[in-house]
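The values are calculated or read from the model by the stated rules, or taken from the named source; none is laboratory data. A quick note: this is a predicted structure, and the numbers were derived from the prediction, not measured. In this analysis, Cβ positions are derived from the backbone assuming ideal geometry, glycine residues included, and neighbour counts consider all displayed protein chains. Accessible surface is based on the protein model in full, side chains and every heavy atom, while ligands, DNA and RNA are left aside. Shrake-Rupley method; radii C 1.70, N 1.55, O 1.52, S 1.80 Å.
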Amino acid sequence: NDPINGVDDDNDGFIDNFRGWDVSENDNDPMVVNSDHGSHVSGCAAAVTDNGVGVASPGFNCRFLPVKSCLDASTSSIDNGYDGVYYAATHGCDVINCSWGRTGGPSQFEQDMVNFAVLDHDAVFVAAAGNNGLEQDHYPSSYDNSVSVASTTNNDSKSGFSNYGYGVDVCAPGSNIYATVFNDTYTSYSGTSMASPIAAGGAALIRSRFPSMNALQAAQQLRVTCDNISSVNALYNNLLGKGRINL
């Protein structure tokens, strides 16, 4: 409801945010500058499907809101991640994907922001479990009310780079994922950054199919419908959540 005309038509405090927002540079251009990571993640979740072009995504016809949360000079950092979460939660997103994170101890502020998105604004909060190949906490994926996503290969084994642990909720494919990148092309990347948006696209599919479910119910539906992959992950028993998501 805010076309690009120099006026804040919807009175939300952001001028011309028709196509999303850059919370780091505080402008209405969420486009790639120094990294195509976000454009690849977006395609994993929400590439247009069944159009004979490029790739398919689990999000099908779900609407997609881009939120840029890094400074233009950044190449591998998320500088304002929780500002991005706040923007997404307060602008109607039913699912929020966070393909970023850190190790170290938890933060009450960060936990409060996850709760704000999930409990106050009814958004499914999905986050990458991390790429250190270790059993370790990783934030925001390890916070309460977050869906932590580990990565698997095309034979359902844990990707070598993927973190694991009792805090993981689900797995999704994250090895050699072919998806969209800026500018108008495609490439393969690997990471829990790819697994997380694939799971987020699945959560969006659930919310589309079962609109009466709240965020916590949709997240649980994503978990309990997973395929058990323990037979090919004997070394990671109970450390890969409920298994690999099954759309």
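Close contacts from the range 170-192, counting a first residue that is farther than 23 Å from N34 by Cβ and a second that is assigned to a strand (DSSP E or B) and open to solvent by 40 Å² or more (accessible area, probe 1.4 Å), with Cβ to Cβ under 6 Å and a gap of 6+ residues or different chains, come to C171/R244; N176/S188. What about S24, is it surrounded by 16 or more Cβ atoms within 10 Å (Cβ to Cβ), among the hydroxyl-bearing types (S, T, Y) and under 26 Å from Q217 (Cα atoms)? No: the conditions fail for S24. Part of a strand (DSSP E or B), in contact with a strand residue (DSSP E or B) (Cβ under 6 Å, 6 or more places away or on another chain) and under 25 Å from Q217 (Cβ atoms): is that true of V114 in this structure? Here the answer is no, as V114 does not meet what is asked. Evaluating D83 against the criteria (1) at negative phi; (2) in a loop (DSSP other than H, G, I, E, B); (3) open to solvent by 30 Å² or more (accessible area, probe 1.4 Å); (4) at pLDDT 95 or above leaves one unmet condition, (2). Identify all residues within the range 226-247 that are in a helix (DSSP H, G or I) and either surrounded by fewer than 16 Cβ atoms within 10 Å (Cβ to Cβ) or at pLDDT below 95 (or both); write none if there are none. Listed by number, the residues that qualify are S230, S231, V232, A234, L235. Within the range 183-225, the set of residues being within 14 Å of V168 (Cβ to Cβ) and buried (at least 20 other Cβ atoms within 10 Å of the Cβ) comprises T192, A195, S196, A199, A219, L222. Here S159 meets each of (1) at pLDDT 95 or above; (2) surrounded by fewer than 21 Cβ atoms within 10 Å (Cβ to Cβ); (3) touching a Ser or Thr at 6+ places or on another chain (Cβ under 8 Å) with one exception, condition (2).
Here N154, N145 are screened, and the one residue that is out of contact with any Leu (no Cβ under 9 Å at 6 or more places or on another chain) and either farther than 21 Å from V55 by Cβ or surrounded by fewer than 24 Cβ atoms within 10 Å (Cβ to Cβ) (or both) is N154.
The condition of being over 16 Å from N233 (Cα atoms), under 18 Å from the mean Cα position of the chain (by Cα) and of a type in the set (F, W, Y) holds for only one of Y178, Y164, Y186, that being Y178.
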